[in-house]
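To start, the structure itself, in structure tokens.
The values are calculated or read from the model by the stated rules, or taken from the named source; none is laboratory data. If you're wondering where the values come from, they're calculated on a predicted model, not measured in any experiment. Quick reminder, even Gly has a Cβ in these numbers, built from the backbone with ideal geometry, and neighbours come from all protein chains shown.
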């Protein structure tokens, strides 16, 4: 079976580093799902506005040719212990396919057919292979068993912006990047560093690309300090 993308996602996440490890963790992030011909016909979207959430089936396009490995190191186990790939949501999968639940904000059927969705965990340029509406009575399990991911991550970092970074945030917000401070804070609270780096003192200064900006930060104990934001 050959599958081809029906759409592509435009998101703030320009590299893997910084993408939330699950959907719905970042509330102030939006993505545009732009459909390609012949899947952009308005008739295909009749009734979609009646749903609040969608399942996106997508491709981990940067891992399409990665060698299959039956064991992976999920962040939930600290990045050091291994478990079976089918017991995780690792991006290194046999067919490089992923599944993500997003909130539908708007259906646009003008010159270009697209959807505005929130809470994505997708890399910019991600190919979308199918969408389906979320149906609560069938998609929500009762008393599920969730293995190593029984609960949401318990600890979040306190995010502190330097005066220089806060001034840049203010300028960018005036230029149309609404809710930018909330978005950056939500990303940083999750501690985007590799899991094995989170266990010990880490003096390194990290850089992350969000939108068209590079954000530099470091972590001191339970605080993440945003040092600078540059374009």
* Structure fact -> When every residue in segment 127-159 that is in contact with a helix residue (DSSP H, G or I) (Cβ under 6 Å, 6 or more places away or on another chain) and part of a strand (DSSP E or B) is compared, the one surrounded by the most Cβ atoms within 10 Å (Cβ to Cβ) is 127
* To do: Return a yes/no flag: does segment 186-202 have any residue that is part of a loop (DSSP other than H, G, I, E, B), assigned by TED's automatic domain parsing to the domain that holds residue 30, farther than 15 Å from residue 21 by Cα and touching a strand residue (DSSP E or B) at 6+ places or on another chain (Cβ under 7 Å).
  => no
* Cβ pairs under 8 Å, 6+ apart, first in segment 71-82 and more than 19 Å from residue 20 (Cα to Cα), second modelled with pLDDT of 90 or more and in a loop (DSSP other than H, G, I, E, B) -> 71/82
* **Residues (buried (at least 21 other Cβ atoms within 10 Å of the Cβ) and closer than 14 Å to residue 188 by Cβ) located in segment 19-41** => 19, 26, 29
* Structure fact -> Restricted to segment 172-181 and to residues being surrounded by 13 or more Cβ atoms within 10 Å (Cβ to Cβ) and part of a helix (DSSP H, G or I), the residue modelled with the lowest pLDDT is 173
* Structure fact -> Going through (1) surrounded by fewer than 19 Cβ atoms within 10 Å (Cβ to Cβ); (2) within 15 Å of residue 27 (Cα to Cα); (3) within 17 Å of the chain's Cα centre (by Cα) one by one, residue 194 fails only at (2)
* Asked: Under 6 Å by Cβ, and 6 or more places apart or on different chains, what pairs join a residue from segment 87-99 that is without any contact (Cβ under 8 Å) to a residue 60 or more places away in the chain with one that is loosely packed, with under 14 Cβ neighbours inside 10 Å and not in a helix (DSSP H, G or I)?
  -> 92/66; 94/68; 96/64
* To do: Only residues that are in contact with a strand residue (DSSP E or B) (Cβ under 8 Å, 6 or more places away or on another chain) and in a loop (DSSP other than H, G, I, E, B): list them for segment 5-21, please.
  => 5, 6, 11, 12, 14, 15, 17, 18, 19
